[in-house]
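Colleague: Structure in structure tokens, see below.
The values are calculated or read from the model by the stated rules, or taken from the named source; none is laboratory data. Please read all numbers here as calculations on a predicted model, not as lab measurements. All Cβ positions, even for glycine, are placed from backbone atoms using ideal geometry, and neighbour counts span all protein chains on display. When the accessible area is computed, the model is the full protein with side chains, heavy atoms only, and any ligands, DNA or RNA have been set aside. Shrake-Rupley method; radii C 1.70, N 1.55, O 1.52, S 1.80 Å.
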Amino acid sequence: MTILAIETSCDETSAAVLDVDKTSMRIISNIIASSLSLHAKSGGIIPETAARQQLKYMIPVLKNAMKNVSTKNIDCLAVTVGPGLIGSLLVGVETAKTLAFAWNKPIIGVNHLLGHFYANFIENYQKIELPSIALIVSGGHTDLLLVKSHKNIVFLGGTRDDAAGEAFDKIGRLLNLGYPGGPAIEKEAIKGNSEKFNLPRPMLYSKNVNQKPPSWDFSFSGLKTACLRNIDKLKKEGILEENITNIAASVQEAITDILVIKTLQAAIAFNVKSIIIGGGVCSNQALCKKFVSLIKDRFSFFSPSPKLCTDNAAMIAACAFFQHKPSPWADIKADESLYFK
Ligand code: KG4
Ligand code: ZN
């Protein structure tokens with residue numbers, strides 16, 4: 001089966017062609033144009049700018065993805081329908097619907113967050129065993145899922161305030177490291193001492209399983225406030241500059257502790273076979289190393305390679321293959337606040 005997928009949920013415009021059968025997945029193309037550099041100038045994403053860039057890139061990206069593929073070989077279309085920025089989503093959704101109509105092909109609407117989970121199957125299709133605990137950590141979401149099977153995915157918990165990626169981005173801004181904060185903090189953290197600042201790990205050991213209903217929620221806003229206090233104090237003392245690497249290392253240590261420990265608790269509680277992570281924050285090497293060192297050989301562990309962690313259309317095609325729910329094109333609608341049911 002050959003799937004043409006489109007992803008435009010935020011500031012990346014992507015189109016991919018994925019060949020899938022019962023044993024393997026092969027990326028024929030996975031073209032990504034990013035408007036990140038424009039947002040870096042403004043210190044964050046301006047939704048209207050992102051949507052305008054989607055319009056500019058959509059057709060060239062599509063053309064490039066289809067360069068060596070004949071339309072008659074495409075079996076179906078897949079498109080991210082949400083969550084995301086509505087102006088950005090609409091560009092991809094309406095493009096995919098138009099193609100489905102013009103080519104008379106089936107179309108599948110995909111939840112972007114599940115796409116991050118399915119990025120793992122592109123590289124490790126044969127090795128992944130379910131049930132699994134999935135951690136999705138992107139710019140706007142931090143979610144824990146219990147994946148019993150491809151058709152039975154249970155939402156366990158999510159962030160009550162900021163997402164982990166958002167915490168990286170906001171703290172990066174406080175440290176004047178530019179946007180996005182995640183990669184910038186990771187770079188600084190390598191040079192710093194993570195024990196220099198003792199930052200909180202909110203909700204790390206909240207009594208998840210005893211709550212009714214059980215809650216596996218996260219919270220990152222307290223960590224951001226604690227950073228702000230430390231940064232203000234260091235500024236007053238005139239020693240902020242020399243401590244940027246130490247704050248970055250301490251923040252990264254706190255965020256990765258929360259993500260890894262909470263995910264492990266859930267994996268133990270639900271007695272799963274594997275832990276699978278996805279989303280932009282998973283390109284953080286300290287996070288992956290911590291998972292590997294704490295999991296030991298209790299669970300198998302999967303994380304996409306960095307280029308498949310951040311937004312791309314190949315992961316949307318992979319998700320469409322497993323979730324395979326074609327709809328009439330007229331029923332496919334962008335839904336900026338789509339979440340787990
Ligand atoms: O999944 P993604 O590419 O886009 C969304 O769906 O949101 O995730 C973007 C997020 C941003 O918050 C960014 O700071 C974070 O992923 N990120 C990282 C790293 N690379 C990207 N966070 C920590 N370390 C990184 N190396
Ligand atoms: Zn994403």
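Colleague: Counting only residues that are crowded, with 18+ Cβ neighbours inside 10 Å, give me the helices (runs of 4 or more DSSP H) lying completely in the range 4-118 with at least 2 of them.
Modeller: In the range 4-118, 47-65, 86-103 are the helices (runs of 4 or more DSSP H) which contain 2 or more residues that are crowded, with 18+ Cβ neighbours inside 10 Å.
Colleague: Next up: Could you check, for the range 120-140, whether at least one of its residues is farther than 24 Å from Leu90 by Cα, within 10 Å of ligand 1 (Cβ to nearest atom) and surrounded by 22 or more Cβ atoms within 10 Å (Cβ to Cβ)?
Modeller: no
Colleague: So, of the residues in the range 179-193 that are assigned to a loop (DSSP other than H, G, I, E, B) and open to solvent by 40 Å² or more (accessible area, probe 1.4 Å), which turns out to be farthest from ligand 1 (Cβ to nearest atom)?
Modeller: Asn193
Colleague: Taking the conditions exactly as written (open to solvent by 60 Å² or more (accessible area, probe 1.4 Å), away from ligand 2 (no atom under 16 Å from the Cβ) and basic (Lys, Arg)), does Lys262 satisfy them or not?
Modeller: For Lys262, the condition - open to solvent by 60 Å² or more (accessible area, probe 1.4 Å), away from ligand 2 (no atom under 16 Å from the Cβ) and basic (Lys, Arg) - is not met.
Colleague: Taking the conditions exactly as written (within 30 Å of Asn176 (Cβ to Cβ), open to solvent by less than 40 Å² (accessible area, probe 1.4 Å), out of contact with any Gly (no Cβ under 9 Å at 6 or more places or on another chain) and away from ligand 1 (no atom under 16 Å from the Cβ)), does Leu240 satisfy them or not?
Modeller: For Leu240, the condition - within 30 Å of Asn176 (Cβ to Cβ), open to solvent by less than 40 Å² (accessible area, probe 1.4 Å), out of contact with any Gly (no Cβ under 9 Å at 6 or more places or on another chain) and away from ligand 1 (no atom under 16 Å from the Cβ) - is met.
Matching residues to (1) under 30 Å from Lys97 (Cβ atoms); (2) away from ligand 1 (no atom under 13 Å from the Cβ); (3) outside any loop (DSSP other than H, G, I, E, B):
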{"site": "Ile277", "(1), (2), (3)": "no, no, yes"}
{"site": "Pro304", "(1), (2), (3)": "yes, no, no"}
{"site": "Ala317", "(1), (2), (3)": "yes, yes, yes"}
{"site": "Phe322", "(1), (2), (3)": "yes, yes, yes"}
{"site": "Lys325", "(1), (2), (3)": "yes, yes, no"}
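Colleague: Answer yes if at least one residue in the range 270-284 is touching an Asp or Glu at 6+ places or on another chain (Cβ under 7 Å) and more than 26 Å from Lys170 (Cβ to Cβ), and no otherwise.
Modeller: yes
Colleague: Is it the case that some residue within the range 246-257 is over 21 Å from the mean Cα position of the chain (by Cα) and among the acidic types (Asp, Glu)?
Modeller: no
Colleague: Among the residues of the range 94-118, write down those that are touching a Cys at 6+ places or on another chain (Cβ under 7 Å), of a type outside the set (Ser, Thr, Tyr) and within 16 Å of ligand 1 (Cβ to nearest atom).
Modeller: Passing the criteria: Val110, Leu114, Gly115.
Colleague: What pairs come out if I take residues in the range 229-255 that are under 22 Å from Gln285 (Cβ atoms) and pair them with residues that are part of a helix (DSSP H, G or I) and not hydrophobic (A, V, I, L, M, F, W, C) whose C-beta lies under 7 Å away, six or more apart or interchain?
Modeller: Ile244/Glu188; Thr245/Glu188; Ile247/Asn230; Ala248/Glu188; Gln252/Glu186
Colleague: Further question on the same structure: Given the conditions (1) of a type outside the set (A, V, I, L, M, F, W, C); (2) under 17 Å from the mean Cα position of the chain (by Cα); (3) modelled with pLDDT of 95 or more, report the number of the one that Asp75 does not fulfil.
Modeller: Result: Asp75 passes all but (2).
Listed here are the residues, each with its yes/no results for (1) hydrophobic (A, V, I, L, M, F, W, C); (2) surrounded by fewer than 23 Cβ atoms within 10 Å (Cβ to Cβ); (3) free of Cβ contacts under 8 Å to residues at least 24 places away in the same chain; (4) within 16 Å of Ser9 (Cα to Cα).
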site: Val272; (1), (2), (3), (4): yes, yes, no, no
site: Ile277; (1), (2), (3), (4): yes, no, no, no
site: Ser283; (1), (2), (3), (4): no, yes, no, no
site: Phe299; (1), (2), (3), (4): yes, yes, no, no
site: Thr310; (1), (2), (3), (4): no, no, no, yes
site: Ala314; (1), (2), (3), (4): yes, no, no, yes
site: Ser327; (1), (2), (3), (4): no, yes, no, no
site: Lys333; (1), (2), (3), (4): no, yes, no, yes
site: Ser337; (1), (2), (3), (4): no, yes, no, yes
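Colleague: Could you list, ordered by first residue, the pairs with Cβ atoms under 9 Å in which the first is in the range 105-117 and under 13 Å from Ile276 (Cα atoms) and of a type outside the set (A, V, I, L, M, F, W, C) and the second is within 16 Å of ligand 1 (Cβ to nearest atom) and open to solvent by 10 Å² or more (accessible area, probe 1.4 Å), at least 6 apart or interchain?
Modeller: Gly115/Asp311; His116/Ser138; His116/His141; His116/Gly280; His116/Asp311
Results for (1) within 20 Å of Glu129 (Cα to Cα); (2) touching a helix residue (DSSP H, G or I) at 6+ places or on another chain (Cβ under 8 Å), shown as yes or no for each residue.
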{"residue": "Pro304", "(1), (2)": "yes, yes"}
{"residue": "Asp311", "(1), (2)": "no, yes"}
{"residue": "Met315", "(1), (2)": "yes, yes"}
{"residue": "Ala320", "(1), (2)": "yes, no"}
{"residue": "Pro328", "(1), (2)": "no, no"}
{"residue": "Lys333", "(1), (2)": "no, yes"}
{"residue": "Ser337", "(1), (2)": "no, no"}
{"residue": "Phe340", "(1), (2)": "no, yes"}
